[in-house]
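What follows draws every value from the coordinates through simple rules; no lab data is involved. A quick note: this is a predicted structure, and the numbers were derived from the prediction, not measured. Heads up, the Cβs are rebuilt from the backbone with ideal geometry, glycines too, and the neighbour counts pull from every protein chain shown.
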Amino acid sequence: MNKEDLINYVAKSVSLTKKESDQAINAAFEGISEALKRGEDASFVGFGSFVVHNRKARTGRNPRTGEALKIAASKTTKFRPSKNLKQL
């Protein structure tokens with residue numbers, strides 16, 4: 001399923017136009033993104049949680065030369081599915 005399929009599904013399920021469904025889905029995605037940018041988790045009971053994970057700085061290797069290089073600390077997002085979603 002892609003975004004367009006989700007828009008069509010929501011429009012059909014709750015009797016909205018495609019434009020209204022698109023706006024609602026974009027607002028939901030934007031809300032999740034804003035929460036993650038603030039360092040907050042976004043949890044949805046029965047579905048799962050989007051969690052901000054901090055990666056520590058580490059040393060890596062250039063695969064061509066084998067030279068060691070420093071990889072800076074960074075943040076990434078992880079998804080943890082709920083128990084119900086895991087059972088599918």
Between 0 and 90 degrees, rounded to the nearest ten: what's the tilt of helix 3-13 against the longest Cα principal axis of the chain?
30
How high is the relative contact order of region 24-71, in percent, with contacts defined as C-alpha pairs under 8 Å that are six or more residues apart?
20
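Over 29 Å between Cα atoms, which of K3/K70; K3/K75; K37/K70; K3/K86; K19/K86 qualify? Write out the running numbers ahead of the final one.
Numbers: K3/K70 37 Å; K3/K75 25 Å; K37/K70 25 Å; K3/K86 22 Å; K19/K86 32 Å.
Cα-Cα > 29 Å for K3/K70; K19/K86; rest within.
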Sequence ranges 71-80, 29-38, ranked by mean other-Cβ count within 10 angstrom, highest first
29-38, 71-80
Here the gain from full extension of N84 to H53, 0.36 nm per residue of separation minus their alpha-carbon distance, amounts to 8.9 nm
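If you average the sequence gap of Cα pairs under 8 Å that are 6 or more apart and divide by the length of the chain, what percent do you get for the contact order? It would help to have the intermediate numbers written out before the result.
Numbers: 99 pairs, mean separation 18.7, N = 88.
Rounded, it is 21 percent for the chain.
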If you find the alpha carbon centre of region 29-86 and of region 1-20, how far apart are they in angstrom?
28
Quick check on region 1-40: what are the equivalent-ellipsoid semi-axes from the Cα gyration tensor, as sqrt(5λ), descending, whole Å?
23, 10, 7
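Tell me, what is the Rg over Rh of the chain, with Rh the Kirkwood radius over Cα pairs? Write down the numbers at each step before the final one.
Working: Rg = 18.8 Å, Rh = 16.1 Å.
Result for the chain is an Rg/Rh of 1.17.
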Taking the 0 to 90 degree range and rounding to the nearest ten, how far is the long axis of helix 18-37 tilted relative to the main principal axis of the chain, both from C-alpha atoms?
30
